[in-house]
Amino acid sequence: MDKYRVSPKEKVKLQDIETEGIGSKEEAVAKFLEINEKLEVLQERLYSEGKHKILVVLQGMDTSGKDGAIRGVFDGVNPQGVKVANFKVPTAEELAHDYLWRVHKQTPGKGEIVIFNRSHYEDVLVVRIHNLVPDKVWKKRYDQINDFERLLAEEGTTILKFFLHISRKEQKERLLERLADPSKHWKFNPGDLKERAIWDKYEEAYEDVLERTSTEWAPWYIIPADKKWFRNLVIGKILLETLEKLDIEVPPSMPADEVKQYQQQLENE
């Protein structure tokens, strides 16, 4: 899985990085089912142990599959211990604070996995591309974000950041698919076409994000996302390997005499 990880200060050229993935769908789906079962067990232990905190950040171009990755990778996990945070246009209250204020409130507590569907990185992407703040403002934010994530990591949060890398061709096909199916019209946003027209600007902005904010404590992974089944397999594998390294403890069992006592109590009702 290290081949997908961006090393600190590594130069990134997205046009040179694969979006397709490798292998067959059948093999990938079979492997993913095994991974998903293990994830369910580890996530249950994570929640019951109440010690570790996991933050998963999902970013990508429009239609890159952030919602699909959440549904696919986290299918079957205990909803009590997994939360999804969406970051849309800031409210008036949020704009009255610093840009990380609304983000910090959503970070995971002990025993939780929190998934950011888009994130604080919008403040060095959208605001940059659409000139919402001066250059001198957003350019400072790379270091601020690195410091923010270092704080989280030093306080016990494990951070995984996934850039879902799709091709422009695949985005076009997904948009056409939404238009062709009336049941998917709600997914189509005419604004996506305006954003698609400035694809190169987004690509340049993402390259800067990946180069300047992939750190030892909060690494970025570039995930080939044209094939949904491959996307889920790679994210699931990286998440599984990360959880296994945490050495999460199995919840302790009750002493045998206590078990017997409670069994008798129930049986005698």
Item to complete: Estimate the FRET efficiency between Arg196 and Leu246 by the formula 1/(1 + (r/R0)^6), using the beta-carbon distance for r and 45 Å for R0, to the nearest 0.05.
Response: 0.70
Item to complete: Have a look at Ser183, Ile113, Leu42 and report the one farthest towards the positive end of the charge dipole of the chain, computed about the Cα centre with Cβ charges (Lys/Arg +1, Asp/Glu -1).
Response: Ser183
Item to complete: Determine the distance separating the Cα centre of the stretch 61-85 from the Cα centre of the stretch 1-54; give it in Å without decimals.
Response: 13
Discussion item. What is the ratio of the Cα radius of gyration of the stretch 166-266 to 2.2 N^0.38 Å, with N the residue count, to two decimals?
Written reply: 1.85
Worksheet item: What does the convex hull of the Cα atoms of the chain come to per residue, in Å³, rounded to a whole number?
Response: 186
Worksheet item: In the neighborhood of Gly60, defined by Cβ-to-Cβ distances under 10 Å, what is the net charge if each Lys or Arg adds +1 and each Asp or Glu adds -1?
Response: +2
Worksheet entry | Mean Cα-pair separation over length for the chain, i.e. relative contact order, pairs under 8 Å, 6 or more apart, % | 36
Discussion item. Just to check, using Stokes-Einstein with a Kirkwood Rh over alpha carbon pairs, what's the diffusion coefficient of the stretch 76-235 at 25 °C and 0.890 mPa s in µm²/s?
Written reply: 139
Worksheet item: Based on the Kirkwood radius over alpha-carbon pairs, what is the Stokes-Einstein translational diffusion coefficient of the stretch 1-141 at 20 °C with 1.002 mPa s viscosity, in µm²/s?
Response: 121
Worksheet item: Near the amide H of His165, under 5 Å away, which other amide H atoms are found, from residues 5 or more places off or on another chain, if H is placed in the peptide plane?
Response: Ile223, Ala225
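State the three equivalent ellipsoid semi-axes of the stretch 51-128, derived from the C-alpha gyration tensor as the square roots of 5 times its eigenvalues, in descending order and whole Å.
Working through the eigenvalues yields semi-axes of 23, 17, 9 Å.
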Worksheet item: When the convex hull of the Cα atoms of the stretch 17-85 is projected onto a plane and the area is averaged over all directions, what value comes out in nm²?
Response: 5.9
Practice prompt. Return the sequence-ordered ³J(HN,Hα) values of the stretch 175-190 in whole Hz as given by the Karplus equation 6.51 cos²θ - 1.76 cosθ + 1.60 applied to θ = phi - 60°, using x for Gly and Pro.
Written response: 5, 5, 4, 5, 6, 7, 10, x, 6, 10, 4, 5, 7, 7, 10, x
Discussion item. Give me the dipole magnitude in Debye, nearest 20, for the chain about the Cα centre, with unit charges on the beta carbon: positive for Lys and Arg, negative for Asp and Glu.
Written reply: 1000
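Which GluC sites (Glu not before Pro) in the stretch 1-63 sit in a loop by DSSP (not H, G, I, E or B) and have at most 16 other Cβ atoms within 10 Å of their own Cβ?
Those satisfying the criteria are Glu10, Glu18, Glu20.
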Worksheet item: Cα centroid distance between the stretch 132-153 and the stretch 193-241, in Å?
Response: 18
Worksheet item: Tell me, what is the Rg over Rh of the stretch 125-207, with Rh the Kirkwood radius over Cα pairs?
Response: 1.09
Discussion item. Using the Cα centre of the chain as origin and beta-carbon charges of +1 (Lys, Arg) and -1 (Asp, Glu), tell me which of Val84, Ile70, Ala96 is placed farthest towards the positive end of the dipole.
Written reply: Ala96
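Only the coordinates and a few stated rules stand behind these numbers; no lab work does. Predicted, not measured: the structure shown is a model, and the values here were computed from it. Quick reminder, even Gly has a Cβ in these numbers, built from the backbone with ideal geometry, and neighbours come from all protein chains shown.
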